[in-house]
Amino acid sequence: MDIAKFVLVIGGIIWFMVRSAGNIGYNWQWYRVPPCIFRYDDGKFFSGPLLDGLWVTLQITGISLVMAFAFGLITAFLRLSHAFTGRMLARLYLEVIRNTPLLVQLFCIYFVLAPILDISRFTSAILALSLFEGAYASEIFRAGIISVHRGSGRPHTVSE
């Protein structure tokens, strides 16, 4: 019965979308879409602007992920260190990054830092995303480290 309800709801949504699209009288020009995705000339495949953009997005995501991991781990260790300066630097980084929206950080890095330091658009995006996600990853790492019991320093055996 649940499957029948699900199919009925999905069918209703699809019917509504098709009927709405037909009623607006828009002339859908689907033949314009494939050149934006790919081109095939002289037996060779060429990617279009949408595939190029997807590739750049995946590059930015991958590099930012690795750098966010590094920023997060370093910041977590600084937050847990006994050095006052390290803790304060990590706290300042976390408070500034976590309390400002990502879009504001992107604008600040791209429009303020990039012209001063001659940073490319690609690098600006990676830096902004890495700093933003690294701040949140830092708290995850720190909480994970704190949650582990220190123990006696010797391995546990089954009989204990």
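The values are calculated or read from the model by the stated rules, or taken from the named source; none is laboratory data. All of these numbers come straight from a predicted model, not from anything done at the bench. Neighbour counts run over all protein chains shown; Cβ positions are idealised from the backbone, glycine included.
Here is how the numbers come out for the structure above:
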| item | result |
| --- | --- |
| Residues that are crowded, with 16+ Cβ neighbours inside 10 Å and in contact (Cβ under 8 Å) with a residue 24 or more places away in the chain, drawn from region 75-97 | Thr75, Ala76, Arg79, Ala90, Tyr93, Leu94, Ile97 |
| Test: residue in region 36-48 that is under 30 Å from the mean Cα position of the chain (by Cα), at negative phi and part of a helix (DSSP H, G or I) | yes |
| Test: residue in region 146-160 that is among the acidic types (Asp, Glu) and touching a residue at least 60 places away in the same chain (Cβ under 8 Å) | no |
| Subset of region 98-141 that is β-branched (Val, Ile, Thr) and over 14 Å from the mean Cα position of the chain (by Cα) - its residue that is surrounded by the most Cβ atoms within 10 Å (Cβ to Cβ) | Ile109 |
| Number of the condition not met by Ser152 [criteria: (1) small (Gly, Ala, Ser); (2) modelled with pLDDT of 95 or more; (3) not in a helix (DSSP H, G or I)] | (2) |
| Which numbered condition Ala68 misses (of (1) outside any helix (DSSP H, G or I); (2) closer than 26 Å to Ser120 by Cβ) | (1) |
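Per-residue answers, yes or no, for (1) surrounded by 10 or more Cβ atoms within 10 Å (Cβ to Cβ); (2) in contact with a Ser or Thr (Cβ under 6 Å, 6 or more places away or on another chain); (3) modelled with pLDDT under 90; (4) more than 30 Å from Thr123 (Cα to Cα):
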| site | (1), (2), (3), (4) |
| --- | --- |
| Gly12 | yes, no, no, yes |
| Gly25 | no, no, yes, yes |
| Trp30 | no, no, yes, yes |
| Gly43 | no, no, yes, yes |
| Gly48 | yes, no, no, no |
